[in-house]
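Report on one structure; see the data block that follows.
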Amino acid sequence: MSTNNLALIAKAMVASGKGILAADETTGTIGKRFDSIQVENTEENRRAYRDLLFLTKGIGDHISGVILYDETLRQKSSDGTPFVKLLEKNGVLPGIKVDAGAKPLAFCSGETVTEGLDNLPKRCTEYVKLGAKFAKWRAVIDIGRDIPSSTSIAANAHALARYAAICQEAGLVPIVEPEVLMDGDHTIERCEEVTEWTLNAVYEALYLHRVVLEHSVLKPSMVISGKKCPKQAPVDEVAARTVRVLKRTVPAAVAGIAFLSGGQSDEVATAHLNSMNAQFKGELPWPLSFSYGRALQQASLKAWKGVAVNVPAAQAALAHRARMNGMATQGRYSADLERKGQG
Ligand code: 13P
């Protein structure tokens, strides 16, 4: 039996002024990020990069938790301190990605279902022993001609619900992540429709599987125009449509909502979050926060380039983005703050 207090952990993950750093890239995905800065994808380089991120001074000021990958959860800082201990010492909760990735869904050409339920109870028990406090599972919903299908929405909602129930039974707070992809040329109206459909299916499945909503965090995508849509919706419209869908579909009992960035540029992702919290201050039943991967790490990775002497600049870049997003959770971010921080 675990002793993790799931209600307290879930609340701490979305505490005001803070959000989550997604540093759970699989070995393949981190390889793509390293390719962009010409760094070789070796275990030591992966360790050194995560070490740099986690050793950022004041990381706990605006980062409540870090999502780790299996390999990273078992790695150590350069002085021999396990990453889990290092994060805890800095007031940051360690979390773990437990899904095994999105795989082709039978009879649904071009669509996927996320796998990883086999042996999940056993893996969760081990992760709790290793110090993990929360978990993540990402479902992927693509928008295109004739997709998504109701098959893919139902299959992904079912897997998310099974995952969330297994996590809670083992003593981990589940981050429930149904990502509606922003690839493609669809309009923001279409994204809103698909996001509403997806979230309705997810919460129906969570209910059916007895998931305790107070012990869970939702990680949705924002309602946004497709990347290749000729008409890109402005920041305040993205914020308003996103909040409208969330209010229609997410029960007030959910501990909090932490968005993914999904390929938005870092400053745009911050501006969207800020606009939601500024426009709807006092009207929301849950805290709106961030759980960004690329939008927190982009600038840091670019500054680092795999060179030790660049570590302080890379850490300053992460600290800055974390602070800007921390302000955005309170609707206090501005272009002026952005410029000053870069100064
Ligand atoms: P992005 O913010 O880069 O979309 O990553 C978040 C994440 O954890 C995806 O699963």
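Descriptive notes on the structure:
- Measuring between alpha carbons in the structure, the pairs from Lys76/Lys103; Lys32/Lys133; Lys11/Lys340; Lys89/Lys133 lying more than 24 angstrom apart are Lys76/Lys103; Lys32/Lys133; Lys11/Lys340.
- Each residue, Ser16 and Asp35, gets one label point 7 Å from its Cα in the Cβ direction; the gap between the two is 4.4 nm.
- Within a Gaussian network of the chain (alpha carbon springs, distance under 10 Å), most fluctuating of Ser150, Ser291, Ser216: Ser150
- Shape category assigned to the range 98-237 from the gyration tensor of Cα positions, a/c cut at 1.5: prolate
- Between Thr125 and Ala106, full extension at 0.36 nm per residue minus the direct alpha carbon distance yields a gain of 3.8 nm.
- Cα Rg, Dmax (largest Cα-Cα span) when computed across the chain, Å: 18.8, 53
- The chain - percent of accessible surface contributed by carbon and sulfur, probe 1.4 Å: 53
- Protein heavy-atom accessible surface, 1.4 Å probe, per residue over the chain: 43 Å².
- For the chain, the antiparallel share of DSSP beta bridges with both residues in that region comes to about 15%.
- Here the range 270-343 is treated with +1 on each Lys and Arg Cβ and -1 on each Asp and Glu Cβ, and its dipole about the Cα centre works out to around 220 debye.
- Rounded to the nearest 20 debye, the dipole magnitude of the chain is 780 debye, with +1 charges on Lys and Arg beta carbons, -1 on Asp and Glu beta carbons, and the Cα centre as origin.
- Inter-label distance for Thr187 and Val307, nm, one decimal - labels placed 7 Å from Cα along Cα-to-Cβ: 4.8
- Considering only Ala154, Tyr49, Ala100, the residue lying farthest towards the positive end of the dipole of the range 1-160 is Tyr49, judged by Cα position with unit charges set on Cβ.
- Considering helices alone, the calculated mean residue ellipticity of the chain at 222 nm is -14500 deg cm²/dmol, with DSSP H runs of length four and up weighted by -39500 (n - 2.57) and normalised per residue.
- Accessible area (Å², 1.4 Å probe, nearest 10) - Lys247: 100
- Each residue of the range 255-268 was assigned a 3J(HN,Hα) from its phi angle through the Karplus expression (A = 6.51, B = -1.76, C = 1.60, θ = phi - 60°), giving 5, x, 10, 10, 6, 8, 9, x, x, 6, 5, 4, 5, 5 Hz with x at Gly and Pro.
- Comparing Ile166, Gly91, Leu246 along the charge dipole axis of the chain, the residue lying farthest to the positive side is Gly91, per the Cβ-charge model.
The values are calculated or read from the model by the stated rules, or taken from the named source; none is laboratory data. Not measured: the values here are computed from a predicted model. Positions of Cβ are backbone-derived with ideal geometry, glycine not excepted, and every protein chain shown enters the neighbour counts. Heads up: the accessible areas ignore ligands, DNA and RNA and are worked out on the full protein's heavy atoms, side chains in. Shrake-Rupley method; radii C 1.70, N 1.55, O 1.52, S 1.80 Å.
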